[in-house]
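The values are calculated or read from the model by the stated rules, or taken from the named source; none is laboratory data. As the structure is a computational prediction, the values presented were derived from the model and not from experiment. Please note: Cβ atoms are built from the backbone with ideal geometry, for glycine as well, and neighbour counts cover all protein chains shown. Each accessible area value is taken on the protein alone, full model and side chains, heavy atoms only, with ligands, DNA and RNA left out. Shrake-Rupley method; radii C 1.70, N 1.55, O 1.52, S 1.80 Å.
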Amino acid sequence: MLDSKLRFFLQKCLVLEQAKQVHAQLVVNRHNHLESILIHQTLHFTKDFSRNVFNYAKRILQGLQISTRKDSSFSWGCLVRFLSQHRKFKETVSLYMEMHSSGISPSSHAITSVLRACGKTENMIDGNSIHAQALKTGLCGCVYVQTGLVGLYSRLGYIDMAKKAFDDISEKNTVSWNSLLHGYLESGDFDEARRVFDEIPEKDVVSWNLIISSYAKKGDMSNACSLFQAMPLKSSASWNILIGGYVNCREMKLARTYFDAMPQKNSVSWITMVSGYTKSGEVESAEELFRQMFKRDKLVYDAMIACYAQNGKPKDALKLFSQMLESSSDIQPDEITLSSVVSAYSQLGDTSFGSWVESYVTEHGIKFDDLLVTSLIDLYMKGGDFDKAFKLFSKLHKKDTVSYSAMIMGCGINGKAMEANTLFKEMVEKKILPNLVTFTGLLSAYSHSGLVQEGYKCFNSMKDYNLEPSADHYGIMVDMLGRAGRLEEAYELIKSMPMQANAGVWGTLLLASGLHNNVEFGEIACRHCVELETDPSGYLSRLANIYTSVGRWDDARKVREAMEEKKLRKTLGCSWV
DNA sequence: ATTGTTGTCG
């Protein structure tokens, strides 16, 4: 009688404080066996992750004395599942291991949760041993556990093992089928995936979403779209997948069409659109959407801050960041937010923010991951704080193309050719492939140090890495040759460019011509600049200076007059070439 | 309970 009353009361138990009161009652009345249910209820009704609730539940669990093996297995399972549901995957695995070493046999809840966690963290080693434990404890007859195994092997790319686990399931449900489908898609076996999809007896919305998502990822939007139209019931995720597909193809107009047509937009829809506008550089459109958003979560802020940071608007990024800090207390920046913010500060050349981030991270228990460290390396290198940058660089768990490029780029800006060269050699030895940014850094390092021969060698070696020099790379070469006084050579290099030379490249030649008082190339360069830019006054005054420096006062005066009269560009262009 | 969609560094 009392049991059922308490049970009923426990179901109403939503908040930690209430749970504590009930717990006290249970202890007084020695209802130890109900404490497991209390743990379950408390965790079950905690929608957002709360460290307090978790610690509380764990404390009760450790204090359980007269509980049966079955009770504690159940409670541990609830706790493990709680962590997994709130995406604390590393902790999920360690809690499971703690349970295992306490001699508690796992429940099916615990096994499925920990399998999921292993899948998400790509932890095959623990995944395998958990598989073995499931076999030993006889839980491999449970569909959920078996499906969990299919999911684990699918996610980690062991499609043969996934298939084997799938075949072992006697009563396959749709989730089992979907997990297998996911496996074939993940392993890139698209034909088999399509066969599995067609074979699924009762396709649900996830089955459709999986196959549509794979078409969208391949960029095959016509198939993605026709399947989308064919599916009987669409979820928000279905729409988001389609929108995401168009975003990946830079088809922002179409993405917007579906976004506008979508009946129930969720946060993912908005973020997908904002990040799409970010990649295509349409900052105003992103802003427009951001303004329209009624409820902004952390990820939306992250997306918008990244939008500003990636599109050369660091001040706007910082403004939004401080707005985010002020807006509400439950939105807390994490390592992802901070890496965009650091990138903004880096563009402003403000190194002082680095120490703020470093203390903020330790104070708030934010993960200091390689991505955030890389953005700090960039900040310190650009600001000339090489000691800090090198220290962080050595602390990276895994050095990759981006972190090496950040280092080399910093060397380039600061004219450290030796260091850049050493870093480059190091990365080649480690088989880390350089990319266009790496070479931008290297070339500018050589250019700043006047190492023309090295620069040429480097420029020519780009094709060995299947890299096509961009206009910027040509620009650096022109700068290097120009500074060395090899203007003719620089001009020839520009003429050999496979793409149209931009105003930046010609402007570099103009600058170099001024450095060496060379009228011939100064005129050529200036003519091109005037053609390419709307406001030519800067270029014209440079040319005028060149005329002055060689004593051609008349020409200098003509150019200056023309500038003031604001004559049409065309007229100007013809008058002195 | 197990599956699908979103944000970060050069």
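Annotations
- Computed from Cα atoms, the angle from the helix A:386-395 axis to the main principal axis of chain A rounds to 30 degrees.
- Residue by residue, region A:277-293 carries 3J(HN,Hα) couplings of 5, 4, 5, 8, x, 8, 4, 4, 5, 4, 4, 4, 5, 4, 5, 6, 5 Hz when phi is fed to the Karplus relation 6.51 cos²θ - 1.76 cosθ + 1.60 (θ = phi - 60°); x denotes Gly or Pro.
- Degrees separating the helix A:503-515 axis from the principal Cα axis of chain A, which is the longest one: 40
- Taking 7 Å steps out from each Cα toward its Cβ at A:Ile413 and A:Asp400 produces label points 2.1 nm apart.
- When A:Ser102, A:Ser403 are compared by accessible surface with a 1.4 Å probe, the order from highest to lowest is A:Ser102, A:Ser403.
- Per residue accessible area in Å² of region A:470-577, where ligands, DNA and RNA are left out and the probe is 1.4 Å: 52
- Stretch gain in nm, segment A:Gln264-A:Thr534, where the contour uses 0.36 nm per residue and the Cα spacing is subtracted: 92.8 nm
- Kirkwood Rh and Cα Rg combined as Rg over Rh, evaluated for region A:266-337: 0.93
- Given +1 at the Cβ of Lys and Arg, -1 at the Cβ of Asp and Glu and no other charges, the dipole of region A:399-469 around its Cα centre is 60 debye to the nearest 20.
- Where labels lie 7 Å past Cα in the beta-carbon direction, separation of A:Val519 and A:Gln229 in nm: 6.8
- Test item: Cα-centred dipole of chain A, Lys/Arg +1 and Asp/Glu -1 on Cβ, debye: 1360
- The distance between label points at A:Asn545 and A:Leu325 comes to 4.0 nm (points 7 Å beyond Cα on the Cα→Cβ vector).
- The C-alpha atoms of chain A define a longest principal axis, and helix A:2-11 lies at about 10 degrees to it.
- Note that chain A shows a convex hull volume over its alpha carbon atoms of 210 Å³ per residue.
- Part-to-part distance (alpha-carbon centres) for region A:103-173 and region A:256-295, which is given in Å: 38
- Extension gain from A:Arg87 to A:Ser101, taking 0.36 nm per residue of separation minus the Cα-Cα distance: 2.8 nm
- Values of log10 I(q)/I(0), in the order q = 0.24, 0.28, 0.29 Å⁻¹, for region A:399-469 under a Debye, Cα-only, solvent-free model: -1.03, -1.36, -1.43
- Principal axis box of region A:470-577, alpha-carbon based, largest edge first, Å: 36, 27, 18
- Taking 0.36 nm per residue of separation and subtracting the current Cα-Cα distance, fully stretching the chain between A:Ala24 and A:Leu64 would add 13.1 nm.
- Percent carbon-and-sulfur accessible area, chain A, ignoring ligands, DNA and RNA, probe 1.4 Å: 52
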